[in-house]
1. Could you work out the relative contact order of the chain, using alpha carbon pairs under 8 angstrom and six or more residues apart, expressed as a whole percent?
2. Given the C-alpha centroids of the stretch 24-38 and the stretch 84-130, what is the distance between them in whole angstrom?
3. Report ³J(HN,Hα) in whole Hz for each residue of the stretch 32-48, in order, from the Karplus equation J = 6.51 cos²θ - 1.76 cosθ + 1.60 where θ = phi - 60°; Gly and Pro get x.
4. Answer with a single label: of (1) 1.19; (2) 1.01; (3) 2.03, which was calculated as Cα Rg over 2.2 N^0.38 Å from the structure in view?
5. GNM, the chain, Cα, under 10 Å: largest mean-square fluctuation among ALA87, ALA106, ALA43?
6. In the full protein assembly as shown, how much of SER132 is accessible to a 1.4 Å probe, in Å² to the nearest 10?
7. Return the sequence-ordered ³J(HN,Hα) values of the stretch 117-134 in whole Hz as given by the Karplus equation 6.51 cos²θ - 1.76 cosθ + 1.60 applied to θ = phi - 60°, using x for Gly and Pro.
8. Given a 1.4 angstrom probe, I'd like the percentage of the accessible area of the chain that is carbon and sulfur, rounded to a whole number.
Amino acid sequence: MSAGGSFDMHYHQDMEIITWVMSGEVVHEDSTGNTLTIPAGSAQRMTVSTGIRHAERSLSRDKGPIHVVQMWAAPDTNGLQPSYNQADFTDKIKSGELFVVASGLAKHESDRGIGINNKYAALYAARPKAGSSITVPTGKFIHIFIASGEVEMDGETLHHGDSVRVASGGGQTLTMIEESEILIWEMYAHF
């Protein structure tokens, strides 16, 4: 989304929408009357199972660039009422360590981040410094997205916008060529 830009009202049904804001601010408005601001370093989970119309717009016209990654996942139960959860992960992202952003997995019972209504999925994030490494979680299905920076994995260089899918594995080492922001999904079923 460009600074000062927007996505006008549009409809979603039967999905979990995770909005990850890397820089700038996003305002979310929807057909249930909610207006929420999502600042940089924060993530929002929106459950839209029974359906919702929503719009997003940038508040960053005079505040510099905006960088947002929005991800969609199927809920494990349809017909849920629209709901939200949002959290500021600024301190966790500064650590450089991989952490849980949103999870429905039983192993994250004590720390689900902003949670997700899918007992088969978890989203992690990290912003490691150049030269440092993280280990990819293991799982049935792994999806690695390079949200910013450059990363080395298994002798290959991954750039901003690249993604890798791993089936029945994980455990790879990602080494940062430069400071990078990494988003990783761990999943055990698909719908």
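The values are calculated or read from the model by the stated rules, or taken from the named source; none is laboratory data. Fair warning: this is a prediction, and the values are worked out from it, not measured in the lab. In this analysis, Cβ positions are derived from the backbone assuming ideal geometry, glycine residues included, and neighbour counts consider all displayed protein chains. These accessible areas exclude ligands, DNA and RNA; they are computed on the full protein's heavy atoms, side chains included. Shrake-Rupley method; radii C 1.70, N 1.55, O 1.52, S 1.80 Å.
1. Values: 533 pairs, mean separation 35.2, N = 191.
So the answer I get is 18 percent.
2. 21 Å
3. Going residue by residue, I get 8, x, 7, 10, 10, 9, 10, x, 3, x, 10, 9, 10, 10, 10, 8, 10 Hz, with x marking Gly and Pro.
4. Step by step, Cα Rg over 2.2 N^0.38 Å for this structure corresponds to label (2).
5. Comparing ALA87, ALA106, ALA43 in a Gaussian network model of the chain, the most mobile one is ALA106.
6. Counting only protein heavy atoms, SER132 exposes about 40 Å² to solvent.
7. 8, 8, 6, 10, 9, 8, 10, 10, 9, 7, 10, x, 6, 4, x, 8, 9, 10
8. Answer for the chain: carbon and sulfur cover 48 percent of the accessible area.
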